[in-house]
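The values are calculated or read from the model by the stated rules, or taken from the named source; none is laboratory data. Note that this is a predicted model, so its numbers are computed, not measured. We place every Cβ from the backbone using ideal geometry, glycine too, and count neighbours over all the protein chains shown. Accessible surface is based on the protein model in full, side chains and every heavy atom, while ligands, DNA and RNA are left aside. Shrake-Rupley method; radii C 1.70, N 1.55, O 1.52, S 1.80 Å.
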Amino acid sequence: MWGLFRRQKYNYKVRFTDSIDDPYINQTEISSDDPVSKAEAEDLLREQMEANNIYPEWVRVISLQDS
């Protein structure tokens, strides 16, 4: 018998800053097919922002938690 297998998605709530001069803390959610570290989350955030034509100076993840 064939069963349908759904690959698990990992969802994270991320608090981050994207400007050296602005201490404002942003919050968003990201998802990935695999568990991610803070460094990998920064890459995912940058890709997500650039896909929306937002080009941050830099991205630093402050906290990363499962959602």
Item checked: Gaussian network model of the chain, Cα within-10 Å springs - most flexible of Asn11, Asn53, Asn26 -> Asn53
Checklist line | C-alpha long axis of helix 38-51 to longest principal axis of the chain, angle in ° | finding: 80
Notebook entry, point to check: Looking at region 9-51, which chymotrypsin sites (Phe, Trp or Tyr not before Pro) are DSSP coil and have at most 12 other C-beta atoms within 10 Å of their C-beta?
Noted result: Tyr24
Margin query: Could you work out what % of the accessible surface of the chain is carbon and sulfur, using a 1.4 angstrom probe and leaving DNA, RNA and ligands out of the count?
Written below: 48
Check: Do any GluC sites (Glu not before Pro) in region 25-67 lie in a DSSP loop with no more than 13 other beta carbon atoms within 10 Å, and if so, which?
Finding: Glu57
Notebook entry, point to check: So for the chain, Kirkwood radius off the Cα pairs, Stokes-Einstein at 25 °C and 0.890 mPa s: how many µm² s⁻¹?
Noted result: 189
Next item on the list: Per DSSP H run of n ≥ 4, the term is -39500 (n - 2.57); total these for the chain, divide by its residue number, and report the mean residue ellipticity at 222 nm rounded to 500 deg cm²/dmol.
Entry: -6500 deg cm²/dmol
